[in-house]
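The block underneath contains the structure these notes are about, expressed in structure tokens.
The values are calculated or read from the model by the stated rules, or taken from the named source; none is laboratory data. Note that this is a predicted model, so its numbers are computed, not measured. Because the Cβ atoms are built from the backbone with ideal geometry, glycine has one as well, and the counts that use them run over all protein chains shown.
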Amino acid sequence: MNTMPTFHPKFITFDCYGTLTNFEIAAITTEIYGPRLKGERLAAFLENFRSYRMDEILGDWKPYSDVIHNAVERTCRKHDVPFEEADARRIYDTVPTWGPHPDVPAGLARIADKIPLVILSNAANEQMMSNVDKLGVPFHRVFTAEDAKAYKPRFRAFEYMFDMLDCGPEDVVHCSSSFRYDLMAAYDLGITQKCWINRGHEPANPFYGYVELKDTGGLAEVVGL
């Protein structure tokens, strides 16, 4: 969208991994499998791993450790690479070490004491707060897929958040770098106030109605601060 409307939400809700936290799963996966796969084979492995992670979360909730384990195993099978459970666990165990994108602490600090900030993340509880603590600002609430017993983009995850906040879709500005995980479902659920933080890992899709931001520094203007 080319215009910059002013939103007046009760809450600003965020995806975490990829949007606020630098989602470095490709880096650790490359570290593990790069010595065995080169060039186009490695690129295909990373893309298939991304796709299998999405597929793993679309059914009934399962622990995030199982999501990673299953997605790695399926990707290895597809590429005829030996699967080692320790490799999948290494990827999972790396998640809590990831920190924010460089713009995030300052961008959130401009709004954190004005409007309650909320996270809705496809995360495990044992991982989540390590990442949140690195963001540098207080959050009103932090919800995980483990809490909701559903992963985004399933509606149940968002509906759990609405129930816990005692609000509706009209009361939030939802911010994400992903259409597939967040903004498409947000559109379908009637969240009209949306921000796409363009981290460069998905193409623009104007149909879904959002304000495009290059980073979190633009959020203050969107909410009139």
Taking the criterion of being surrounded by fewer than 16 Cβ atoms within 10 Å (Cβ to Cβ), out of contact with any Cys (no Cβ under 7 Å at 6 or more places or on another chain), among the aromatic types (Phe, Trp, Tyr) and at pLDDT 95 or above, would at least one residue in the range 202-225 satisfy it?
yes
Checking ALA185 against (1) closer than 22 Å to ALA148 by Cβ; (2) modelled with pLDDT under 95, only one condition comes out false. Which one?
(2)
Residues of the range 2-28 satisfying the condition of being closer than 20 Å to SER121 by Cβ and among the hydroxyl-bearing types (Ser, Thr, Tyr)
THR13, TYR17, THR19, THR21
SER121 surrounded by 17 or more Cβ atoms within 10 Å (Cβ to Cβ), of a type in the set (Gly, Ala, Ser), modelled with pLDDT of 95 or more and out of contact with any helix residue (DSSP H, G or I) (no Cβ under 8 Å at 6 or more places or on another chain)
no
Members of the range 42-80 found to be within 18 Å of ALA27 (Cβ to Cβ) and either among the aliphatic types (A, V, I, L, M) or modelled with pLDDT under 95 (or both), listed by number
LEU42, ALA43, ALA44, LEU46, ILE68, ALA71, VAL72
Mind listing whichever residues of the range 186-198 are crowded, with 19+ Cβ neighbours inside 10 Å and either of a type in the set (Lys, Arg) or at positive phi (or both)?
LYS194
Those residues of the range 192-225 which are farther than 21 Å from LEU108 by Cα and in contact with a strand residue (DSSP E or B) (Cβ under 6 Å, 6 or more places away or on another chain) amount to none
VAL137 in contact with a strand residue (DSSP E or B) (Cβ under 9 Å, 6 or more places away or on another chain) and outside any loop (DSSP other than H, G, I, E, B)
no
Across the range 91-105, the tally of residues that are farther than 14 Å from ALA123 by Cβ, in contact (Cβ under 8 Å) with a residue 40 or more places away in the chain and assigned to a loop (DSSP other than H, G, I, E, B) stands at 3
Qualifying residue in the range 19-41 (condition: in a loop (DSSP other than H, G, I, E, B), of a type in the set (Val, Ile, Thr) and modelled with pLDDT of 95 or more):
yes
Quick one: ALA88 ticks every box in (1) in contact with a helix residue (DSSP H, G or I) (Cβ under 6 Å, 6 or more places away or on another chain); (2) within 19 Å of THR216 (Cβ to Cβ); (3) buried (at least 19 other Cβ atoms within 10 Å of the Cβ); (4) among the aliphatic types (A, V, I, L, M) bar one, so which box is it?
(2)
Residues of the range 6-28 classified as small (Gly, Ala, Ser) and under 15 Å from the mean Cα position of the chain (by Cα), total:
2
Return yes when ALA88 is of a type in the set (A, V, I, L, M) and free of Cβ contacts under 8 Å to residues at least 12 places away in the same chain and no when it is not.
no
Quick check: anything in the range 57-67 more than 28 Å from LYS134 (Cβ to Cβ), of a type in the set (Gly, Ala, Ser) and more than 22 Å from the chain's Cα centre (by Cα)?
no
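One line per residue, one yes/no per condition, for (1) closer than 19 Å to LEU219 by Cβ; (2) part of a loop (DSSP other than H, G, I, E, B); (3) among the hydrophobic types (A, V, I, L, M, F, W, C); (4) over 14 Å from the mean Cα position of the chain (by Cα):
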{"residue": "TYR151", "(1), (2), (3), (4)": "no, yes, no, no"}
{"residue": "PHE158", "(1), (2), (3), (4)": "no, no, yes, no"}
{"residue": "HIS174", "(1), (2), (3), (4)": "yes, no, no, no"}
{"residue": "LEU183", "(1), (2), (3), (4)": "yes, no, yes, no"}
{"residue": "ALA186", "(1), (2), (3), (4)": "yes, no, yes, no"}
{"residue": "CYS195", "(1), (2), (3), (4)": "yes, no, yes, no"}
